[in-house]
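Only one structure is covered here, and it is reproduced in the block below.
The values are calculated or read from the model by the stated rules, or taken from the named source; none is laboratory data. None of these values were measured; they are calculated from a predicted model. Please note: Cβ atoms are built from the backbone with ideal geometry, for glycine as well, and neighbour counts cover all protein chains shown.
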Amino acid sequence: MSTSPPSLLGGDGSDGEVGEEAVSLGSRRTGDTSLSLPRPADVVWPEHFVEAVAAQVAVDAASSAGPLAAAPAVVAVFQVCSTWRAASLSELLWQDLTRRVWTSRDRSPPSWRDEFVRLHRTAANFRARRYAYSHLLPSSPVALSCRRLALSDDHLAAGFLNGSVCVFDLPAGQLLATYWPNPHLDRLGRFSRAISGIVLAEPDERLAFASQDGDVHVVRLSIAGSVQRAHVGNLMEDGTLVDFTGNGRWWVGLFAGVPGRSWRVWDAATEQLVYVGGTLTDPDAVLGWHMLIDLSSPLVGRVRIVEPGFAVGFTDSSMEVVDLNDTGAMVIRLELPHGAVVDSVDACEDRVIVVDSRGLAMVHWVPALQEICRFSTLRRAEDQHELGEMSVCMNRNYAVVRSADRIRMWDATTGEYLYSFRERIGEALVVAASDRYVAAWATDTGLHLWDFGDM
């Protein structure tokens with residue numbers, strides 16, 4: 001008798017038996033060797049072979065039907081026999097599955113099996129609209145209007161028009177600290193201090209934020225009040241910093257206002273500038289200057305970092321991929337025939353999403369920009385009038401689209417529409433997503449958080 005393994009998704013599962021036919025060893029004809037051969041259920045398969053089979057079955061299922069199909073597939077493998085069930089105890093197997101199915105190389109639970117289960121449950125919650133909702137901050141005057149949001153496993157950072165950045169603890173949603181930039185006397189334009197980007201690099205617990213005047217500040221979250229200016233901006237030489245992003249290795253700024261200086265790349269560890277150049281935003285130089293004095297000016301561009309070491313920049317007419325490992329060498333540039341809604345671009349891992357002027361969202365692999373899927377973001381006729389106000393963000397599996405007073409969810413691998421959020425928060429100006437959270441700032445109602453973690 002052998003028992004079934006515990007359910008992969010938690011719970012004890014029910015015990016059962018794997019039936020095996022009794023082998024009669026009665027009389028045999030001389031020379032009959034068929035009964036002397038081992039039966040498949042009696043073979044002791046090498047451990048590494050079983051783990052390789054289980055991993056391949058799970059990966060094939062994820063490739064054909066999405067990552068949520070991997071868990072049922074691997075559980076079916078474990079039910080073959082007791083020897084194969086023993087593979088479910090292998091931490092190396094779960095580490096491999098976590099990397100290949102969920103493309104994650106870090107874990108927060110004590111074991112890789114628990115990490116795989118956590119990622120599976122969270123992705124399933126996203127698909128099924130299971131979440132906990134919180135209202136973190138009320139609405140604020142125009143001077144405190146939120147410009148950027150950034151999420152990590154443990155923190156939410158919100159950057160405001162007046163140059164301040166608020167950091168919240170997650171999942172509790174408690175405000176931990178508010179950081180202010182060092183004073184910069186050479187201000188040019190009333191909105192030069194507006195936050196243009198935030199980078200949350202964990203587990204280092206380091207936060208970097210930049211303003212439109214080009215200043216970049218660094219905060220150690222573990223040290224109260226520690227704000228250091230890593231870079232002093234120069235508007236006359238570089239133009240306006242229209243967007244700023246990064247990770248634990250790179251910081252990337254997209255500038256507009258001075259020809260030939262669209263890109264600036266820093267080494268995040270040393271905070272040293274390693275590249276300046278590019279012409280992506282040259283046609284939008286005047287718009288870049290207008291951002292310093294006029295909030296209603298059209299958005300110039302956005303920039304995102306994708307793996308393994310590329311930056312993707314967007315304007316309303318072009319998309320450009322730059323190799324960060326090759327001192328900013330341009331890999332590919334595409335002119336967008338239907339234009340792009342600039343605030344409706346985002347990236348996660350090696351994929352990027354962009355929405356064109358017709359409301360058509362397209363997800364591409366980077367760097368070659370092969371198309372993965374496409375879908376229309378227009379769910380009703382009046383959405384057409386809100387295209388200019390649309391925002392899009394993306395995590396590993398899903399795309400979150402804000403249009404008018406609605407926030408909606410799509411499957412970013414198939415283009416399938418899933419649902420609309422229950423809460424009507426008003427017009428959301430900024431939306432951000434991680435693999436567990438979605439955050440949004442709405443003009444009339446403030447800062448909101450949706451937690452899709454274990455329910």
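Do you know which of the residues in region 73-126 that are of a type in the set (Ser, Thr, Tyr) and part of a helix (DSSP H, G or I) is modelled with the lowest pLDDT?
83
Taking the criterion of being surrounded by 17 or more Cβ atoms within 10 Å (Cβ to Cβ) and farther than 28 Å from residue 243 by Cβ, would at least one residue in region 150-157 satisfy it?
No.
Filter region 198-248 for residues that are in a strand (DSSP E or B) and out of contact with any Leu (no Cβ under 9 Å at 6 or more places or on another chain); which is surrounded by the most Cβ atoms within 10 Å (Cβ to Cβ)?
The qualifying residue surrounded by the most Cβ atoms within 10 Å (Cβ to Cβ) is 239.
Against the conditions (1) assigned by TED's automatic domain parsing to the domain that holds residue 430; (2) among the aliphatic types (A, V, I, L, M); (3) within 26 Å of the chain's Cα centre (by Cα); (4) modelled with pLDDT under 90, where does residue 150 fall short? Just the number, please.
The one condition residue 150 does not meet is (4).
Please work out which one of (1) closer than 23 Å to residue 346 by Cα; (2) polar (S, T, N, Q); (3) part of a loop (DSSP other than H, G, I, E, B) is the condition residue 192 fails and give its number.
Here residue 192 meets the rest and fails (1).
Which residues, taken from region 69-101, are in contact (Cβ under 8 Å) with a residue 40 or more places away in the chain, touching a helix residue (DSSP H, G or I) at 6+ places or on another chain (Cβ under 6 Å) and surrounded by fewer than 21 Cβ atoms within 10 Å (Cβ to Cβ)?
Residues satisfying the conditions are 78, 81, 85, 88, 90, 96, 100.
So residue 226 passes all but one of these: (1) over 18 Å from residue 294 (Cα atoms); (2) hydroxyl-bearing (Ser, Thr, Tyr); (3) touching a residue at least 12 places away in the same chain (Cβ under 8 Å). Which condition number does it fail?
Failed condition: (3).
Taking the condition of being buried (at least 20 other Cβ atoms within 10 Å of the Cβ), within 20 Å of residue 445 (Cβ to Cβ) and not small (Gly, Ala, Ser), how many residues in region 399-411 meet it?
5
If you check 331, 300, 252, which single one turns out to be hydrophobic (A, V, I, L, M, F, W, C) and farther than 24 Å from residue 150 by Cβ?
331
Report yes if residue 414 is buried (at least 20 other Cβ atoms within 10 Å of the Cβ), more than 14 Å from the chain's Cα centre (by Cα) and modelled with pLDDT under 95, otherwise no.
So residue 414 does not fit the description; no.
Among the numbered criteria (1) buried (at least 24 other Cβ atoms within 10 Å of the Cβ); (2) among the hydroxyl-bearing types (Ser, Thr, Tyr); (3) farther than 16 Å from residue 198 by Cα, which one does residue 317 miss?
(1)
When only residues in region 356-383 that are in contact (Cβ under 8 Å) with a residue 40 or more places away in the chain and assigned to a strand (DSSP E or B) count, which is surrounded by the most Cβ atoms within 10 Å (Cβ to Cβ)?
Top of the filtered list is 361.
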